[in-house]
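Before any comments, here is the structure.
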Amino acid sequence: MKTISEIRADFPILATKVYGKPLIYFDNGATSQKPEAVINKLNEVYRNYNGNIHRGVHALSDKSSEEYEIAREKVRSFINAEKKEEIVFTSGTTGSINALAFSFGERFINKDDEIIVSTLEHHANIVPWQMLCERKGSKLKVIPVNDNGEIILEEYYKLINQKTRIVAVTQVSNALGVIVPVKEITEAAHSMNIPVLIDGAQGIQHAGTDVRESDFDFYVFSGHKIYGPAGIGVLYGKEKWLSELPPYQGGGDMVDKVTFEKTTYGALPLKFEAGTMNYPSAIGLAAAFDYVLSIGREYISSQEKDLLTYATEILSGIRRVKIFGKSDKKISTISFLIDGIHMYDTGMVLDKLGIAVRTGTHCAQPVMDRMGIDGTVRVSMCFYNTREEIDALGTGIEKVIQMFS
Ligand code: PLP
């Protein structure tokens, strides 16, 4: 078992300084930092076996194709999908949801059909469905949340009906950190044979997932949020669904036979992977999974629970700080405002102290509207953060209050 210092040493950026101050990185919800193992893997691909996948008969192409397919198998195992063919690589969560909304929409959505999302969604799980609704004349229905940002399940049960074609909800609110009752949501949808898409962009980093145990029909996430490279993501879909869906892009590598009269498509998952995929990042993502598994999910989860408890205690103890999304089911993310001080001022002063937080709507305007605010300051922690960093955040917030009083 590694010590926290050893873990931190695995992430070179954590030893750097900003404005001459040690970096305290609390923006893991936006993107996580990368361990040396991932950085080295990318380096290894480009230095040793860079060749376009599934194309050549030469050694470099063979090696990169092999590593790419090993990466697919690692994703399968990490989320416990049944088959490798159910794992489609994309550019990220946004890419995955857009692909699904287009493809599922083409096949299954007609005028007046309904699609259910929740108030908590990131724009990536709202806008593609709205675009589909505009194209098809279908309707978006929204599950409300209470004042703490918790899903009101009774209202969801009222929304779901014979016209519902898909339920698309996030596993965890990126803006507030509140965990969504995806099990109950899935069970209710399945009782009416309606598929569910779970946006795992935030969930995968903290809560992990077992798509088979949870019986999700579709699960999407981005590599960069789980210590992997940017530009790679995953669309998991049960084979029974993916095999029914049409491709969302046409091009090289996704076809079986092309003539000017007719084109037939390749088998799963390649029919959804047109063009040159981001194979170096897929291979890097597999290295990120290996790293996470070497640290252990139990360790990660207990460390993050401790950070959440401690940070909540520290922030709650500061007069004028108001936390949004107070719930006993949360990941290690805290959204707050300081009474009378603009979030951007808070963020800017903290930045000058070397503390990186996110300010704004977090690409989740509807939930900010529901809370009656323009945005928040968001502290998103992960297992490489420490209590000492939280102490520094507390001191930093006191400084902000002093400066603006
Ligand atoms: N969904 C959620 C819940 C997110 O938190 C994010 C990013 O913050 C996204 C979707 C979009 O992810 P990406 O920008 O990696 O596609």
Quiz item: Tally time: how many residues in the range 369-385 are in a loop (DSSP other than H, G, I, E, B), within 16 Å of the ligand (Cβ to nearest atom) and under 21 Å from Ala15 (Cα atoms)?
Solution: 2
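Residue-wise test of (1) closer than 19 Å to Thr31 by Cα; (2) within 16 Å of the ligand (Cβ to nearest atom); (3) surrounded by fewer than 19 Cβ atoms within 10 Å (Cβ to Cβ).
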position	(1), (2), (3)
Asp328	no, no, yes
Thr333	yes, yes, no
Ile338	no, no, no
Val367	no, yes, no
Arg387	no, no, yes
Thr395	no, no, yes
Practice problem: Hey, could you check the range 186-205 for residues that are modelled with pLDDT of 95 or more and of a type in the set (S, T, N, Q) and say which is surrounded by the fewest Cβ atoms within 10 Å (Cβ to Cβ)? | Solution: Asn193
Exercise. Please work out if Val167 is within 16 Å of the ligand (Cβ to nearest atom), over 27 Å from Val38 (Cα atoms), open to solvent by less than 10 Å² (accessible area, probe 1.4 Å) and outside any helix (DSSP H, G or I).
Key: yes
Exercise. Please verify whether the range 136-143 includes one or more residues that are more than 14 Å from the ligand (Cβ to nearest atom), assigned to a helix (DSSP H, G or I) and either open to solvent by 50 Å² or more (accessible area, probe 1.4 Å) or under 16 Å from Arg370 (Cβ atoms) (or both).
Key: yes
Exercise. Output the number of the condition that Phe102 fails; it satisfies all remaining conditions of (1) within 13 Å of the ligand (Cβ to nearest atom); (2) touching a Phe, Trp or Tyr at 6+ places or on another chain (Cβ under 9 Å).
Key: (1)
Quiz item: Does Ile126 meet the test of being within 13 Å of the ligand (Cβ to nearest atom), surrounded by 14 or more Cβ atoms within 10 Å (Cβ to Cβ) and in contact (Cβ under 8 Å) with a residue 24 or more places away in the chain?
Solution: yes
Quiz item: Taking the range 367-405, which residues are among the hydroxyl-bearing types (Ser, Thr, Tyr) and touching a residue at least 60 places away in the same chain (Cβ under 8 Å)?
Solution: Thr376, Ser380, Tyr384, Thr386
Practice problem: Write out, first by first residue and then by second, each pair whose Cβ atoms fall under 7 Å of each other, whose residues are 6+ apart or on separate chains, and whose first residue, in the range 303-320, is within 16 Å of Val178 (Cβ to Cβ) while the second is of a type in the set (Lys, Arg) and part of a loop (DSSP other than H, G, I, E, B). | Solution: none
Quiz item: Can you tell me how many residues in the range 248-284 are open to solvent by less than 30 Å² (accessible area, probe 1.4 Å), over 21 Å from Phe104 (Cβ atoms) and of a type in the set (Phe, Trp, Tyr)?
Solution: 1
Quiz item: Only one of (1) under 18 Å from the mean Cα position of the chain (by Cα); (2) over 15 Å from Asn385 (Cβ atoms); (3) of a type in the set (Ser, Thr, Tyr) fails for Thr346. Which number is that?
Solution: (1)
Quiz item: farther than 24 Å from Ala9 by Cα, among the hydroxyl-bearing types (Ser, Thr, Tyr) and under 19 Å from the mean Cα position of the chain (by Cα): does that describe Thr333?
Solution: no
Quiz item: For the subset of the range 206-221 comprising residues that are open to solvent by 10 Å² or more (accessible area, probe 1.4 Å) and not acidic (Asp, Glu), which member is farthest from Gly29 (Cα to Cα)?
Solution: Arg212
Self-check item: Residue count, the range 66-99 (criterion: open to solvent by 50 Å² or more (accessible area, probe 1.4 Å) and within 16 Å of the ligand (Cβ to nearest atom))
Solution: 3
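The values are calculated or read from the model by the stated rules, or taken from the named source; none is laboratory data. Bear in mind that the values here come from a model prediction, so they are computed numbers and not experimental data. As a convention, Cβ positions derive from the backbone with ideal geometry for all residues, glycine included, and neighbour counts pool all protein chains shown. Note: accessible area is taken over every heavy atom of the protein model, side chains too, but ligands, DNA and RNA are not part of it. Shrake-Rupley method; radii C 1.70, N 1.55, O 1.52, S 1.80 Å.
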